[in-house]
Amino acid sequence: MPKFDLFSAETAIVQDISTALKDADLDIGNARELLTKLLSQYEKLLRETQQLIKLSDRKARELHLLNQKLKQLSKDFEFQSQHDALTGLYNKGEITRIIQEQLSLHDFILILFDIDYFKKVNDSYGHIVGDQVLKLIANLVEQNTKHKDYIGRFGGEEFVLILNDTTLEQSIETADKLRRLIGDSILDADGIQVSVTVSMGLTLCRQHELFEDVYIRVDQLLYAAKKAGRNRVEAMPAR
């Protein structure tokens, strides 16, 4: 394979000039011709170099934009993998991870709640309206919780709320306030006015408890709230 030299033409001209300069009988016309060739090659090389720099700058900008797109795609993928597509809340997998993380750090309050007779909403108005109701409930709860609290959709019409830096008594008041707020709200779901109530189970979780234990406990409390007539909060401390 022949050796490639980017500056072969320029190198040859420089060598010719160097040889001519060593010649005692240097011909001025010949030297001028060689210098003219070198200048022409230099100007050509300069133009090509400028084009390469422009191309390099363009490629650098394209690479930067591509990196930005890849970073955004990575963020979007991470968000989608952690959040419920309908409500934008944490999904079951992520809220479960957060509960487990919180259990390793400190005590907190765990609330499990769902919408009473939600099947009737879907049967009466259709699933599109039902989905709108889920989104409106999610927004309502988000707007009325603190930034250090967590809310997730556990599946279907079931939601999870984690309250930090609060007592059992204060959290019961918070839960009951949310319950009344939801029950008193007229939800506008695609032009259809819908009213719903929620039932809640609430428990104090102690640091280092197992996720399975706290979930069984709060799920039993939610069941007790429904069995007692729905639209209520059932609470108990950690065992």
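The values are calculated or read from the model by the stated rules, or taken from the named source; none is laboratory data. In this text the structure is predicted, and so the values were computed from the model without any measurement. Here Cβ is always computed from backbone atoms with ideal geometry, including for glycine, and neighbour counts include all displayed protein chains.
Residue-wise test of (1) in a strand (DSSP E or B); (2) closer than 19 Å to L89 by Cβ.
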{"site": "H147", "(1), (2)": "no, yes"}
{"site": "T174", "(1), (2)": "no, yes"}
{"site": "G183", "(1), (2)": "no, no"}
{"site": "Q193", "(1), (2)": "yes, no"}
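Remark: pairs (first residue in the stretch 96-123, free of Cβ contacts under 8 Å to residues at least 60 places away in the same chain; second residue in a helix (DSSP H, G or I) and surrounded by 12 or more Cβ atoms within 10 Å (Cβ to Cβ); Cβ separation under 8 Å; 6+ apart in sequence or on different chains) = N122/V129; N122/G130.
The residue of the stretch 149-172 that is nearest to the chain's Cα centre (by Cα), among those that are charged (D, E, K, R) and not in a helix (DSSP H, G or I), is R153. When you check D188 against the structure, is it touching a residue at least 60 places away in the same chain (Cβ under 8 Å), among the acidic types (D, E), in the same structural domain as A224 (by TED's automatic domain parsing) and assigned to a strand (DSSP E or B), yes or no? Here the answer is no, as D188 does not meet what is asked.
D188 satisfies every condition listed in (1) surrounded by fewer than 21 Cβ atoms within 10 Å (Cβ to Cβ); (2) at pLDDT 95 or above except (2). Selection within the stretch 199-219: residues that are part of a helix (DSSP H, G or I) and touching a strand residue (DSSP E or B) at 6+ places or on another chain (Cβ under 7 Å). The member of this set that is surrounded by the fewest Cβ atoms within 10 Å (Cβ to Cβ) is D219.
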